[in-house]
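Colleague: Here it is, the structure, as structure tokens.
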Amino acid sequence: AQSVSQHNHHVILSEAASLELGCNYSYGGTVNLFWYVQYPGQHLQLLLKYFSGDPLVKGIKGFEAEFIKSKFSFNLRKPSVQWSDTAEYFCAVNAKYSSASKIIFGSGTRLSIRP
Amino acid sequence: KAGVTQTPRYLIKTRGQQVTLSCSPISGHRSVSWYQQTPGQGLQFLFEYFSETQRNKGNFPGRFSGRQFSNSRSEMNVSTLELGDSALYLCASSSTAPGQGVVDTQYFGPGTRLTVL
């Protein structure tokens, strides 16, 4: 069965600090990988996704993630965070070759940025 | 294109009642999935519909059901509500078509916040 682990439940950073949120997944087949973000009071938005090709994926708002197949990881990074990045971040995976779109989400990481 | 829309945005019900939530997918998307989001359990998959057929189901009791109409709009129903059903219910749509073999991105609506008293 697929599973996703996000080891950091709550991360607190100061503005301009660098960010790395960990994500590891468990699945025996080929996967699609996603990072979604949920800003306070807003709905889930797609931050970036990896389907194939270059394992370094760039998303919106300066975020990027690197797929390391050998480590089953898809960590999210941003070189310099802003107060507006305060949100909850979810790593997610689904089976690439499947008849279903079902996504398995990690438990989420709450990011708080100190002004 | 308009995004995924969900109605109503907020609902308050009492234990034992039933509730119906509605979701309209992005135009052209025929796959609709439902998720439950709670502080304790996070985001959990409920079920997925494509062409009016349920394609996949999560680990929820039979009180949770859904359906999809010919225009791809979907409804979710919860009968005999329990306090633990209080949650944000999210709908997501995708252009994924079963049988094509490759799964596409899911786009989420704003959710319906259900409170059971």
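Colleague: Can you run phi through the Karplus equation (6.51, -1.76, 1.60; θ = phi - 60°) for region A:25-30 and list ³J(HN,Hα) in whole Hz, with x for Gly and Pro?
Modeller: 10, 10, 6, x, x, 7
Colleague: Taking A:LYS49 as the anchor, which lysines have their alpha carbon closer than 17 Å to its alpha carbon, excluding any fewer than eight residues away along the same chain?
Modeller: Within reach: A:LYS58, A:LYS61, A:LYS69, A:LYS78, A:LYS96, A:LYS102.
Colleague: Just round it to a whole percent: the fraction of Cα-Cα distances in the protein assembly as shown exceeding 22 Å. Spell out each step's value before the answer.
Modeller: Working: 13992 of 26796 pairs.
Summing the P(r) of the protein assembly as shown above 22 Å gives 52 percent of all pairs.
Colleague: Sticking with this one: Under the Karplus relation 6.51 cos²θ - 1.76 cosθ + 1.60, θ = phi - 60°, what is the ordered set of whole-Hz ³J(HN,Hα) values for region A:4-17, x standing for Gly and Pro?
Modeller: Per-residue couplings from phi come out as 10, 10, 10, 7, 8, 7, 9, 10, 10, 9, 8, 4, 6, 6 Hz.
Colleague: Would you kindly derive the ³J(HN,Hα) couplings of region B:78-91 from the backbone phi angles with the Karplus curve 6.51 cos²θ - 1.76 cosθ + 1.60 (θ = phi - 60°), listing them in order in whole Hz, with x for Gly and Pro?
Modeller: Each residue's phi maps through the Karplus curve to give 10, 9, 6, 4, 10, 4, x, 7, 4, 5, 9, 9, 10, 10 Hz.
Colleague: Now for a different question. Using the Cα atoms as the points, what is the convex hull volume per residue of chain A in Å³?
Modeller: Looking at chain A, the number lands at 98 Å³ per residue.
Colleague: Which cross-chain or sequence-distant (5 or more) residues have an amide H under 5 Å from the amide H of A:VAL11, H modelled 1.01 Å from N in plane?
Modeller: Placed amide hydrogens put A:ARG110, A:LEU111, A:SER112 under 5 Å from A:VAL11.
Colleague: Then there's this: For region B:31-96, state the semi-axes of the equivalent ellipsoid (square roots of 5 times the eigenvalues of the alpha-carbon gyration tensor), sorted largest first and rounded to whole angstrom.
Modeller: Three semi-axes, in Å: 21, 13, 10.
Colleague: Let me ask something else about it. How big is the shadow of the Cα convex hull of chain B, averaged over all directions, in nm²?
Modeller: 6.9
Colleague: Related question: Which of the trypsin sites (Lys or Arg not before Pro) found in region B:1-101 are loop residues per DSSP with 13 or fewer other Cβ atoms within 10 Å of their Cβ?
Modeller: Passing sites in region B:1-101 are B:LYS1, B:ARG9, B:ARG15, B:ARG63.
Colleague: Next question. Loop-only check: which GluC sites (Glu not before Pro) in region B:24-117 are DSSP coil with at most 15 other Cβ within 10 angstrom?
Modeller: For GluC sites (Glu not before Pro) across region B:24-117 that sit outside H, G, I, E and B with at most 15 neighbouring Cβ atoms in 10 Å, the list reads B:GLU52, B:GLU82.
Colleague: If we count other beta carbons within 10 Å of each Cβ, what is the order of B:TYR10, A:TYR89, B:TYR107, fewest first?
Modeller: Sorted ascending by nearby Cβ count, the order is B:TYR10, B:TYR107, A:TYR89.
Coordinate-derived values only; no laboratory data. Just so you know, these numbers come straight off a predicted model, no measurement behind them. So basically every Cβ, Gly included, is an ideal-geometry build from the backbone, and we count neighbours across all protein chains shown.
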